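See structure below.
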Amino acid sequence: MSPPRKPYPSDVTDDEWAFVAPYLTLMDEDAPQRRYEVREVFNALGWLVRTGSPWRYLPNDLPPWPAVYQQTQRWLAAERFETMADDLRALLREAAGRDPQPTAVILDGRTLQATPESGHRAGFDGHKKRKGSKVHAAVDTLGHLLAARVTPANEQERAQVDALAAEVQAVTGNTVEVAFVDQGYTGPDPVEAADAHGIELVVVSLPEAKRGFVLLPRRWVVERSFAWATRFRRLAKDYERLPETVVGLHFVAFACLMLHRATSLLAASP
C-alpha cells in the first residue's frame, strides 16, 4: 500500500517495492511486535541516505528515528543490501548482453572528509591533504559495486588488494580474471596479492607527456561510480561512527541506483 502522506522523491515505487520486499522482510510480515511498515522504514532510510540528514532529524511523517536506525542495523548485519545489489547487478548485466558475473573489475579508493562522528578513527591522506577515511571499492566494467572496505585515510590502496580480491572472488564465484588499477597499486606486493586469488593486476598509467585532464581507459568507470555515490549526501563525508556502516550505506546507495535502472528497463520492455 502507498504511504498515507505526500511522497518524497526517494520513496520506492510499487514495482520497486515488489522486488525489494523479500530481501528486507527478516521476520513474518504479520509478526505482532511490528509497529511500522517495512516499506515506510525503508523509505525513511532512502530519504536519509539521499539527503544526508542526521538520524534524529528524520521528518515526523516517517517512522521515528530509533526504529529506522535499529532496523537498518539489522539489515546491514544480515548483508541484505549486498545480496540485493548482487542480484540486481546480474540482472542489469544480462540486460546489457553481458555474462551475469564479471571477468574484469576496477579497483580504486576515495577519501571521505572526517566529521566529529568519525574523527576517532580518521587518518591523514598526504596526497589529498585531507583527514578522514578511505573507501576502497571494486566495481565491474559497468560501474556496479562488487566489494568495499573502509580504512583510515593514511592506509595505502595497494595494501587492500588482498582483501578486495578475496571478496570479489567470493561474490562472483571466482569468475574475475583481471583487475584494472591506477599507479597507486604499483609494486610486487599488490601483484602477488591479486595473483594469489587468480586475478591479473593491470596498471593503467598516465601518458608520459600529458596536458590537462586525460581520460584513462577502464579507469574512468570507477571514478564515475564514486560520482554516483556522492549524489547520496550521506556518503559525501564520513558521518558514521562505524566503518561497517559506511560500507553498508554504500551498498544501500548502489542498490537504489540499480533498482531504479532495473525497473526502468522492465517498464520499457515490450
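The values are calculated or read from the model by the stated rules, or taken from the named source; none is laboratory data. Model, not experiment: these values are computed from the prediction. Because the Cβ atoms are built from the backbone with ideal geometry, glycine has one as well, and the counts that use them run over all protein chains shown. SASA here: full protein model, heavy atoms, side chains in, ligands and nucleic acids out. Shrake-Rupley method; radii C 1.70, N 1.55, O 1.52, S 1.80 Å.
Observations
- Relative to the longest principal axis of the Cα atoms of the chain, the long axis of helix 219-230 makes an angle of roughly 30 degrees.
- Rounded to 10°, Cα long-axis angle of helix 80-95 versus longest principal axis of the chain: 70
- Loop-exposed trypsin sites (Lys or Arg not before Pro) per DSSP, neighbour cap 11 Cβ within 10 angstrom, longest uninterrupted part of the chain: 36-128
- Against the empirical curve 2.2 N^0.38 Å, the C-alpha radius of gyration of segment 100-252 lands at a ratio of 1.01.
- Under 5 Å between amide hydrogens, built in the peptide plane, is the criterion, and for Leu242 it picks out nothing among residues at least 5 positions away or on other chains.
- Mean Cα-pair separation over length for the chain, i.e. relative contact order, pairs under 8 Å, 6 or more apart, %: 21
- Scaled against the 2.2 N^0.38 Å expected of a compact globular protein of N residues, the Cα radius of gyration of segment 1-137 reads 1.27.
- Segment 143-210: GluC sites (Glu not before Pro) in DSSP loop, at most 14 other beta carbons within 10 Å: Glu177, Glu208
- Helix 14-24 axis, angle to the chain major axis (alpha carbon atoms, nearest 10°): 80
- Working value for the chain: equivalent-ellipsoid semi-axes of 33, 22, 17 Å, each the square root of 5 times a Cα gyration tensor eigenvalue, largest first.
- Remark: spin-label model distance Thr115-Ala166 equals 3.1 nm, labels positioned 7 Å along the Cα→Cβ axis.
- Positive-pole candidate from Ala85, Pro9, Thr186, dipole of the chain, charges at beta carbon: Pro9
- Longest DSSP-loop-exposure-free segment, chymotrypsin sites (Phe, Trp or Tyr not before Pro), the chain, at most 16 other Cβ within 10 Å: 37-212
- The chain, accessible surface, carbon-and-sulfur percent (1.4 angstrom probe): 53
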